[in-house]
Each structure stands twice: as C-alpha cells, then as structure tokens.
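Have a look at the structure below, then the notes.
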C-alpha cells in the first residue's frame, strides 16, 4: 500500500469518528434538554351557568299617551316636559262653558219630569181610589135595599094587598140604585185599570231619561279635566293653551321609568332554554343591574328567526333612558355536576377542533381533543376528552408538542409579585450602581 493511500484511509477513519461523536453529542443534548415550564389546574366537577347574551333596547315599564275624550280649546296645561306626575293628578283643562250650561238645562228638565211623575203617582190618586171604593160599597148597599123592597112589594101585589103603582115606583128606585152601582164600579175599575198603570210607567220613564241625560252631560263636563292615568314623568307636551285639542289625538305623553324593560331578540336555539322568572343582568352606567325575565315570546320573528325576550330591572335615579341600547346577560339554566376547566386551557387543534394538554404523573404532556359545552367567564364546560382529576395546562401550552416533558410551576401569589416589583427599589444605591456598572462593562465587552 502506498503512502498516499494510507494517508487517505486514515483521514476517512478520523472523519467517521468525528461524525459519530457529533451525533452522539446531539442525542445526549436532546436527552438532557430542559423540560418546558407550565402551569396546570385540575379538571373538577362543578356547576356552571348557561348564560345567553344579547343586545337589547330599553323601554319604560309603563307609558300612556293621554288623549282627550272631547274636542275643545285648551284652557291651561299644568305640567311641562320632565315633570313627575301621580296617577289622578290634574295635568290639563279644556274650555267647558257650553257643557256647563247644557248640564244646568238638563237638571231643570229632570226636575220637571220629577214633578210630572209626582202628579201621576201622588197622594190625590190614593184618595180617589179610596173614595171610589166607598162609593161602590154605598151603591151596593142601596141597590140591595131597593131590590129587597121591590121583591117584597111584588109579593104583596100578587096577594092583592098592594097596588101596582107602588110596585112600579119601587122598581124604578131599584133600577136607579143599580145604575149608581154600575157607575161606581166602572169608576173604580178605571182607577185601577191598565191605562192608569201605563200612565204611571210613562211618567217614570220620562223622569229616568231626564236623569240619564243629566248624568251623560255631567260625564262630558268631567272630560274637560284631563287627569294622569299613571305615575311617571312627562315625556312630551305638544299642545299649548288656546290650541284646539281633538278627541283621540295625544295631548300629553307620560312614561314610568322607575323600572325599565330590556327587550332583546334572542336566536331561537338559545331562547329554547330561557324561562320566565330566570335571573338576568343588564349592563348599566354604574355596572351590572340585576333583573328578571318577564316575557318570552311564544312565537319567533319570521324575518329574523329570533324570539323577543323581556328583562325587567329597577332604575334607581332614572339613569337608564328608554330608547337606549344595553347588553343583557340571561342565566338560562344552571348545569350541575359537570366537568369544568379554565378557558385558558383551550388550544386550537387540527381541522378547527379544540384541544387541551393533559399532564400525566410522569410529567409528560399529552394532547387531548375535546368537545366544549357552555362557557361562563373564565370557565368552560368539557363534554368529552377530559376526565375528572386530569391536570390540564393553563399556561405554557401554546406550541407544546405531544408527549413533551414539562415542569409544573407553582403560580405566583400577589405577595411574590409585590416582592419582585419592589426588589430593585429595596437594594442600596451602592449595589444598584455596581449592578449598572457590571452591565455596562459586559455590554462593552460584547
């Protein structure tokens, strides 16, 4: 073998030895690579609220557009926009001189009808009836006596003891008594007959009609005083004294904003779990305000496939104004005994799915695809993929490979953060200057 061949073979052997040494060094470096520091929390069973959020428009708890019931000029308006009013309070007056005069005229007509009724049914009628009954009794007695006398004389005349002339005179007296009896009976019958009752009924009807006319005009007169139907605040007052108020046209608008409704349109799928009486919260100027669901519409809006939901809340200080928008959070249901983890544990997996990293007892992180349920704040419901007691990575999981070694760190407390923040300030000035000098020297050296 020549000298050059020996040199070449030796070079190849040295190169192979060097390459083998580098590969082994890399494997040893990989084996001794430091584990990734992470923070973990335990997946636990607990309760979580299914919260439905939506934008809502505020409306008053009650409102009234006060409209006059008669058309008349406005005499005076006693309130202005922004004034607080009570139910039954006088807020405006209409001109009513003509109505007052009509009421007086109707009262006189009623008094006249009362007098006519008293004439028909008064005490004189009773006296006439008593007298007529007495006349009938007296005529009956006279007729009975005349008939008895006639019968006795007819018997005597048949025996020849009495002349025919005396019998005829007695018969004439009996006929006269009979006529008087029939006349008295007819008079009494006329007083007690149907015609008399109808006359009384007609007089009473006229009196009642006159009374109803007085009452109707009195009600019309009362309509000239416009009263507030509710407690609230005057929102609008479009008319002024002297203008014509028309029946059915709003005169004053009043809203009750001691409480307000937040009216939200919720998607049909989310509205299925909302029930009347469920608690809710509405974002206000001073924070969230508690409320209650009062209405869940039984039908969906066909144009938007949403369901209208009302949330009623208190409005202390009347700071919430109708027409403004607000964010509503409705606790549709509370899910008990379900698996819950922090939302910071969620990571984006393949194909748009979500995953978490679970740390085993040997400090190895394992990738777990999961199914997510309800979210509430910084907590989320896990439907599958994680078991109770699993340690899920909440910090440091981004970019962490499956089956990577990790080192579980303890979360810093507030006291530790304060100590770290104040550490430099606690150093003496001399130490600070030395540290600064060392850094400068190092930077210069590099």
Original post:
When N counts the residues of the range 133-195, how does its alpha-carbon radius of gyration compare numerically with 2.2 N^0.38 Å, as a ratio?
Top reply: 1.42
Subject >> Sequence of 350, 128, 256 once ranked by neighbouring C-beta atoms within 10 Å, starting from the fewest >> reply: 350, 128, 256
Original post:
How big is the gap, in Å, between the Cα center of the range 79-114 and the Cα center of the range 229-284?
Top reply: 30 Å
Original post:
If we count other beta carbons within 10 Å of each Cβ, what is the order of 170, 121, fewest first?
Top reply: 121, 170
**OP:** Quick one, can you get me the convex hull of the C-alpha atoms of the range 183-243 expressed as volume per residue in Å³?
**Re:** 131 Å³
Original post:
How big is the Rg/Rh ratio for the range 149-232, C-alpha atoms only, Rh by Kirkwood, two decimals?
Top reply: 1.72
Subject >> Fraction of alpha-carbon pairs over 19 Å apart in the range 31-128 - percent >> reply: 77 percent
**OP:** In vacuum, with every alpha carbon of the range 223-303 counted as one equal point scatterer, what does the Debye formula give for log10 I(q)/I(0) at q = 0.18, 0.22, 0.26 Å⁻¹? Two decimals, please.
**Re:** -0.90, -1.07, -1.32
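Laboratory data are not the source of any read-out in this text; all were calculated from the coordinates shown. These numbers were taken from a predicted model, which means no experiment stands behind them. So basically every Cβ, Gly included, is an ideal-geometry build from the backbone, and we count neighbours across all protein chains shown.
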